[in-house]
Amino acid sequence: MKKKTFFFVTVIIFVVISYSGCVAIAYEATKGKISNDLMIAPDPNNPFQGTWMDLSKNYLHVIEGMNGAWYVKSITSYSKNAIYTIEKSGDGYVTSNNWRIRVDGNILTVENMTYQRVTK
């Protein structure tokens with residue numbers, strides 16, 4: 001009886017350790033990764049176009065042309081939380097959801113958050 005109990009406990013411990021290792025590997029594989037469909041190449045004629053990430057890697061702005069989407073990082077991927085268009089407003093730019101937006105080189109500022117351009 002003791003051999004069976006020892007065997008089952010050993011198997012359970014092995015399964016738990018294996019599962020934990022797989023979860024950790026899967027998490028590390030997705031941490032900070034951006035899927036290819038979210039990567040937009042910069043356009044020299046449009047300073048807004050591209051993929052932009054904040055320093056915490058929790059938020060993305062993906063802008064193609066003058067259309068953008070804001071993404072928030074979940075456990076394994078980024079999920080779209082807002083879509084917008086960029087329009088000229090006075091001497092600056094604003095999104096269709098009333099966020100002030102501007103670009104200075106490889107830095108995008110939306111309201112008071114700063115994002116860096118991401119390229120592959």
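Exactly one residue out of THR85, THR10, THR5 is more than 14 Å from THR119 (Cα to Cα), at pLDDT 95 or above and either among the hydroxyl-bearing types (Ser, Thr, Tyr) or part of a loop (DSSP other than H, G, I, E, B) (or both), and it is THR85. Within region 49-68, being over 11 Å from the mean Cα position of the chain (by Cα) and closer than 18 Å to LYS120 by Cβ holds for GLN49, GLY50, ILE63, GLU64.
The values are calculated or read from the model by the stated rules, or taken from the named source; none is laboratory data. Everything quoted here is computed from the prediction, not taken from an experiment. Note that each Cβ is placed from the backbone with ideal geometry, even for glycine, and that neighbours are counted across all protein chains shown.
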